[in-house]
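The values are calculated or read from the model by the stated rules, or taken from the named source; none is laboratory data. From a predicted model like this one, the values you see are computed outputs, not experimental measurements. Virtual Cβ from ideal backbone geometry, glycine too; neighbours counted across all protein chains shown.
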Amino acid sequence: MLSYVHRPLRTIVTAALLAFAAALPAQAQVTLRAALHSDLKILDPIWTTALISSHHGYLVYDTLFALDESLQPQPQMVETYDVSPDKLVWTFTLRDGLAFHDGAPVTAEDCVQSLKRWAARDTVGQKLMSHAADLAVVDVRTFRLTLKEPYGLVVQSLAKSGSNVPFMMPKRIAATDPNTQITDATGSGPFIFLKDQWKPGEKAVYVKNPKYKPRSEPASGLAGGKVAKVDRIEWVWIPDSQTQVNALIGGEIDMIEIISPDLLPLLASNADIETRVVNRAGRQYAMRFNTLHKPFDNPKVRAAVFMALSQKGFLDANVGDAKWYRECKSLFPCGSPLESTKGWDDKLTGDAAQAKTALTAAGYDGTPIVLLHQTDTPGHNNLATVAKAQLERAGFKIDLQPMDWQTLVARRAKKEPPAQGGWHAYFTSWSSVDVLDPVSTSFLNAACDKATFGWPCDPGLEKLRDQYARETDPAKHKAIAEAVQLYVLNYPTHVPLGQFTTPTALRRTVTGLLTAPALAFWNIEKK
């Protein structure tokens, strides 16, 4: 009995909540089984930008603001906020009744510490905090952000919907060094992560948080009332796309996050299954450079890649059906306010001769380029192989190294030379809403060691990003964005490789899936 009394209160409360969920009659529990695009191996959505970790984060954590279905920022954990007339002081008050999974109330201290950890890793957070004079607690539910000068993206920054998302964590967890992964998934979100049932390579399990207090508004995108309508969620890892489809048809799983377009005909005539595009804004493919090591430490060698690559090859090999993709010679997504082809008309043409001439002029010495090649992510597993063929035609020597996505996620954090376990380039995709402008585009962060994997270091690019962030007149943003687009032709940080949308498939017994830039599991019902 004494050992029970002296256990930390949060441990006791967490155990009680889990016992409550486990005690529900088996026949009363509703379990949603989903096959996602990747296996979950990293629990820290601040340490990594991996999309699967963000999906995990949306289940177990909550956010101060969130984007609705129209991609407009809305208060989420925040009840009210106000701005001083000079636009330098922003005061935020939390909703009453917010609590973490361990029973502890969510406080302003938790939020301040969470924002500081997020801002140490995330490109948007870094830029926001570089303009902040102070971030301080006012009282138990209120905190204040004081700026050095007016900043045009405060609420937009706090409503960031993609990696890294500013999830709110308990202060004791958020105090972890930003460069060290957290392993405690205690949050205040609508679901609780069952770490003892987590089996990497097999499944991840979440149960409904019976103490979660949703907002009163209807769910919209990632905003509004996050009402958990199933008791249990199981992410079942099935690496083979065809096997996923067979499991869906057979009723072994309820949904597949991403269906390869070539498999859609298998589902088209099945009355029990429907497909839809959840993220209507789509995604942008990208090749990311590591600027630390030869030859990509030389911007002129990186610029030759812009000439060597052609988007259509990547889109055909990884998406296939042109119905689902779009070539786009713009740094920022086509269809977005900052879309522009200025300076890019003669780039991404796949002109091997032009690229070879540029490569020779840049002094390329034949160093083999280590391309990290993910083999297990639908719609991405042919990116590196297409690049290999196109780059070799231009005169690059390529060392293609296959691996699963989660191994790649771990390896891309290494700064060692490629011969010692490092890398030269890898391929990924971003939700279009994550790359809408120079500040939100993580790959444009050129703040050296503070930048994300690849670590570009260029004060000129950072000056342009600061200029964009300080500008409070949206009408002037387009000109600054075009200046950034021209700048990166001489200092490339990454190469955009076209846009695409991904259909999600689900059994018709599942309803309520929201249209959102990330996968939202609340509001889903299963008959």
message: For segment 91-105, which positions are out of contact with any Gly (no Cβ under 9 Å at 6 or more places or on another chain) and either of a type in the set (A, V, I, L, M) or not in a strand (DSSP E or B) (or both)?
response: Leu94, Arg95, Asp96, Gly97, Leu98, Ala99, Asp102, Gly103, Ala104
query: Does any residue of segment 282-300 turn out to be touching a helix residue (DSSP H, G or I) at 6+ places or on another chain (Cβ under 8 Å), assigned to a loop (DSSP other than H, G, I, E, B) and under 22 Å from Leu519 (Cβ atoms)?
result: yes
query: Looking at (1) surrounded by fewer than 23 Cβ atoms within 10 Å (Cβ to Cβ); (2) over 30 Å from Asp231 (Cα atoms); (3) of a type in the set (Ser, Thr, Tyr); (4) modelled with pLDDT under 95, can you tell me which one Tyr491 breaks?
result: (4)
- line: Those residues of segment 353-411 which are among the basic types (Lys, Arg) and in contact (Cβ under 8 Å) with a residue 60 or more places away in the chain amount to Arg393
- prompt: Checking Phe314 against (1) assigned to a strand (DSSP E or B); (2) under 23 Å from the mean Cα position of the chain (by Cα), which test does it fail?
  reply: (1)
task: From (1) over 30 Å from Thr243 (Cα atoms); (2) within 21 Å of the chain's Cα centre (by Cα); (3) at pLDDT 95 or above; (4) among the aliphatic types (A, V, I, L, M), pick out the condition that doesn't hold for Leu359.
output: (2)
- request: Kindly indicate whether any position in segment 170-187 is farther than 29 Å from Asn381 by Cα, modelled with pLDDT of 95 or more, surrounded by fewer than 17 Cβ atoms within 10 Å (Cβ to Cβ) and among the hydrophobic types (A, V, I, L, M, F, W, C).
  value: yes
query: What number of residues in segment 158-191 are assigned to a loop (DSSP other than H, G, I, E, B), in contact with a strand residue (DSSP E or B) (Cβ under 6 Å, 6 or more places away or on another chain), closer than 30 Å to Val30 by Cβ and of a type in the set (A, V, I, L, M, F, W, C)?
result: 1
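Restricting attention to segment 317-353, report how many residues are in a helix (DSSP H, G or I) and surrounded by 17 or more Cβ atoms within 10 Å (Cβ to Cβ). Full working, then the answer.
In the first step, residues of segment 317-353 are kept if they are in a helix (DSSP H, G or I); the result is 317-318, 322-324, 352-353.
Filter again for surrounded by 17 or more Cβ atoms within 10 Å (Cβ to Cβ), leaving 318, 324, 352.
Number of matching residues: 3.
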message: For segment 507-527, give me the residue count where each residue is crowded, with 22+ Cβ neighbours inside 10 Å, touching a helix residue (DSSP H, G or I) at 6+ places or on another chain (Cβ under 8 Å) and either aliphatic (A, V, I, L, M) or not in a loop (DSSP other than H, G, I, E, B) (or both).
response: 3
query: What are the residues in segment 484-524 that are aliphatic (A, V, I, L, M) and farther than 30 Å from His424 by Cβ, if any?
result: Ala505, Leu506, Val510, Leu513, Leu514, Ala516, Leu519, Ala520, Ile524
- line: Residue set Phe314, Phe289; condition under 14 Å from Asn382 (Cβ atoms), touching a residue at least 40 places away in the same chain (Cβ under 8 Å) and touching a strand residue (DSSP E or B) at 6+ places or on another chain (Cβ under 8 Å); output residue Phe314
message: Filter segment 107-141 down to the residues that are touching a Gly at 6+ places or on another chain (Cβ under 9 Å) and of a type in the set (A, V, I, L, M) and list them by number.
response: Leu115, Ala119
- prompt: Do we find a residue being of a type in the set (Lys, Arg), under 21 Å from Ala34 (Cα atoms) and part of a strand (DSSP E or B) anywhere in segment 196-207?
  reply: yes
message: Restricting to segment 426-452, count the residues that are in a loop (DSSP other than H, G, I, E, B) and touching a Phe, Trp or Tyr at 6+ places or on another chain (Cβ under 8 Å).
response: 8
Residue list for segment 455-483, filter: surrounded by fewer than 23 Cβ atoms within 10 Å (Cβ to Cβ) and over 18 Å from His131 (Cβ atoms): Trp455, Cys457, Asp458, Gly460, Ala475, Lys478, Ala479, Glu482, Ala483
query: Identify, please: which residue in segment 222-240 is of a type outside the set (A, V, I, L, M, F, W, C) and crowded, with 21+ Cβ neighbours inside 10 Å and is, among those, nearest to Leu519 (Cα to Cα)?
result: Lys226
